[in-house]
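Below: one structure, written as structure tokens.
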Amino acid sequence: MENQKWFDEMEARIPKGEVRTRFAPSPTGYMHIGNLRTALYTWLIAKSMGGKFILRIEDTDQERFVEGATEIIYNTLRTCHLDWQEGPDVGGPVGPYIQTERREIYGKYADLLIEKGGAYRCFCKADEGTVPVTLPNGEVIKKHQCSCASLSKEEVQARLDAGEPCVIRQKIPQEGTTTFSDVIFGDITVPNNELDENVLIKTDGLPTYNFANVVDDHLMGITHVVRGSEYLSSAPKYNLLYQAFGWEIPTYVHCSPVMRDSQHKMSKRHGDPSFEDLLAQGYLPEAILNYVALLGWSPGGEQEIFSLEELARVFDVHGISKSPAVFDMNKLKWMNAEYIKAMPPEQFAAVAEPYIRQTVKNPNLDTARIAALLQPRTEVLTEIPEKVDFFDELEPYPLHLYEHKKSRVNQELALVVLKYARAVLADLIKWEDEGIHAVLVAIAGQLGVKNAAVMYPVRIAVSGRAVTPGGAVELCSILGREETLFRLKAGILALTAERTIRNEEEDDF
Ligand code: GLU
């Protein structure tokens, strides 16, 4: 009676009449791309249906527990703006939201399930009772088969009183079939005698995933269960649990895995990047999330760039594909570059600043102006330090850089241009892009060469690089007059020395 009241209260807490989805990560210490996608789809289903998104931490596997891992989950979801309405930190009507804090709940429901005939205490040792069973398709699976289910109540109590360790196993009918429905995979029917009688409560009293997911999804009022397709084969067993309890079965949405290639699932253990790895590699969270949304879900049109709000508007679970999606780093790179280009300049400058400052230490150099040059040409943020290090210091560079067929520049002409440019720039009144540009174009006019034949050697002289973010004018402008004149002089000296050597060699001949 006492117990009945408790069960009634638990049932009474369950919110009704709203869409409720949950993200239920295990605290492993990092966020798999596949997990992030599950989180996103789960959030999108809730958002697009005006429902609630709930966060539940599945930490019953104590061996896998990693210190600080829950923080990583919070941070990832926050960084991605996947806000939750109920969870361990914000609470809610059906908590606690951390599984190890629900131990008592699982225990009571396991006892209830035993009473209802859906489970039994099993005293077999870990390696006992497992037998190979051949399925009709020839596949051999291992199943637990023992006689513990037929022990009398008194026998069970006596063994418990004697302190004998036991687990609680699911009792599965050996006849008939079980059918379950999945939004993506349709109806799947399996013969019951192919289903293993899994452990629901371990000897330490903690539940396995097999039990906890059903109890929690029911008690938390979850209407849509979104998770990886690795749980598909266990879904019939979960349905049998729901049925044994007399509970309503939620809508299942099982998502196919994210693959590294056609053969292999993406896996952190095999070196594939997690969400944190991608951030560290210079990808923007928004771009990662947008890309991940399209991994196995199609909006059904040409559009590929979606903000989170847009996704919430157009998302439809029926667009999720059954086939596994292959993670394409180049596509992500492209998308990241698109996000970078579309950022407001001030925002990009703020994001780029720490990367620029890795190599550009001179406080007089304006990182916002450098960022403006980088913005249209950056795919990932980690490219930045190496692209801009010349602003701080001009490294020795090979003089053949001055030779450029297309612009009809050779070292001879470069020397003339640099001397000219240095003389005129020294007298330029206002050190601004416009003035610098005018001066350099005027030199081209006077020398009777194309503008590029002036811009090119000046750019080499001030950067020592064949490829730079921005052209001669912008580089000079950012570097400032003094540094520009100094670098032009260095170029002039190097080219002069080279010419002298060349002439001497010719004389010797
Ligand atoms: N804790 C499980 C995992 O991280 C969750 C599966 C589920 O969403 O039911 O794989």
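The values are calculated or read from the model by the stated rules, or taken from the named source; none is laboratory data. This is a predicted model, so every value here is computed, not measured. In this analysis, Cβ positions are derived from the backbone assuming ideal geometry, glycine residues included, and neighbour counts consider all displayed protein chains.
For the structure I just gave you, tell me whether residue 200 is in a strand (DSSP E or B), more than 10 Å from the ligand (Cβ to nearest atom), in contact with a Leu (Cβ under 8 Å, 6 or more places away or on another chain) and modelled with pLDDT of 95 or more. Answer is yes for this residue.
Candidates are the residues of region 71-121 that are within 30 Å of the chain's Cα centre (by Cα) and of a type in the set (Phe, Trp, Tyr); the one that is surrounded by the most Cβ atoms within 10 Å (Cβ to Cβ) is 84. Residues to consider are 89, 59, 83; find the one that is touching a Ser or Thr at 6+ places or on another chain (Cβ under 6 Å) and closer than 24 Å to residue 15 by Cβ. One residue alone meets the criteria, 59. Within region 200-242, the set of residues being farther than 17 Å from residue 16 by Cα, within 28 Å of the chain's Cα centre (by Cα) and of a type in the set (Ser, Thr, Tyr) comprises 208, 209, 229, 231, 233, 234.
Going by the conditions given, is residue 68 closer than 24 Å to residue 30 by Cβ and buried (at least 20 other Cβ atoms within 10 Å of the Cβ)? The answer is no for residue 68. If only residues of region 50-63 that are without any contact (Cβ under 8 Å) to a residue 40 or more places away in the chain and not in a helix (DSSP H, G or I) are counted, the one that is nearest to residue 272 (Cα to Cα) is 53. Scan region 35-51 for residues that are of a type in the set (Gly, Ala, Ser), within 16 Å of the ligand (Cβ to nearest atom) and out of contact with any Lys or Arg (no Cβ under 8 Å at 6 or more places or on another chain) and the total you get is 1. Annotation: of all residues in region 3-33 being at pLDDT below 95 and either surrounded by 20 or more Cβ atoms within 10 Å (Cβ to Cβ) or within 30 Å of residue 266 (Cβ to Cβ) (or both), the one that is nearest to the ligand (Cβ to nearest atom) is 26. Selection of strands (runs of 3 or more DSSP E) fully inside region 64-161 by the criterion of at least 3 residues being in contact with a Pro (Cβ under 8 Å, 6 or more places away or on another chain) returns 140-144.
In the set (1) over 19 Å from the mean Cα position of the chain (by Cα); (2) under 23 Å from residue 265 (Cβ atoms), the condition left unmet by residue 48 is number (2).
Considering region 495-509, the residues that are out of contact with any Leu (no Cβ under 6 Å at 6 or more places or on another chain) and touching a residue at least 60 places away in the same chain (Cβ under 8 Å) include one that is farthest from residue 440 (Cα to Cα), namely 499.
Residue 205 meets each of the listed conditions (1) of a type outside the set (Val, Ile, Thr); (2) on the phi < 0 side of the Ramachandran plot; (3) more than 16 Å from the ligand (Cβ to nearest atom); (4) surrounded by fewer than 16 Cβ atoms within 10 Å (Cβ to Cβ) apart from (2).
For region 61-75, the count of residues that are within 14 Å of the ligand (Cβ to nearest atom), β-branched (Val, Ile, Thr) and over 17 Å from residue 95 (Cβ atoms) is at least one.
Pairs are defined by a Cβ separation below 6 Å, a sequence spacing of at least 6 or placement on different chains, a first member in region 372-391 that is under 12 Å from residue 284 (Cβ atoms), and a second member that is basic (Lys, Arg) and in a helix (DSSP H, G or I); the pairs so defined are 379/333. Screening 353, 310 for residues that are of a type in the set (Asp, Glu), part of a helix (DSSP H, G or I) and within 30 Å of residue 385 (Cβ to Cβ) leaves exactly one candidate, 353. Determine whether residue 469 is assigned to a loop (DSSP other than H, G, I, E, B), crowded, with 21+ Cβ neighbours inside 10 Å and not small (Gly, Ala, Ser). So residue 469 fits the description; yes. Considering (1) buried (at least 18 other Cβ atoms within 10 Å of the Cβ); (2) of a type in the set (A, V, I, L, M, F, W, C); (3) touching a residue at least 40 places away in the same chain (Cβ under 8 Å), the lone condition that residue 190 does not fulfil carries the number (1). Of the residues making up region 222-268, those that are over 21 Å from residue 52 (Cβ atoms), in a loop (DSSP other than H, G, I, E, B) and within 12 Å of the ligand (Cβ to nearest atom) number 1. Residues of region 201-235 that are among the β-branched types (Val, Ile, Thr) and within 13 Å of residue 24 (Cβ to Cβ): 214, 215, 222, 225, 226. Of the residues 453, 426, the single one that is surrounded by 15 or more Cβ atoms within 10 Å (Cβ to Cβ), in contact with a helix residue (DSSP H, G or I) (Cβ under 7 Å, 6 or more places away or on another chain) and either of a type outside the set (Ser, Thr, Tyr) or closer than 19 Å to residue 400 by Cα (or both) is 453. In summary, residue 39 fulfils each of the numbered conditions (1) closer than 29 Å to residue 287 by Cα; (2) assigned to a loop (DSSP other than H, G, I, E, B) with the single exception of condition (2).
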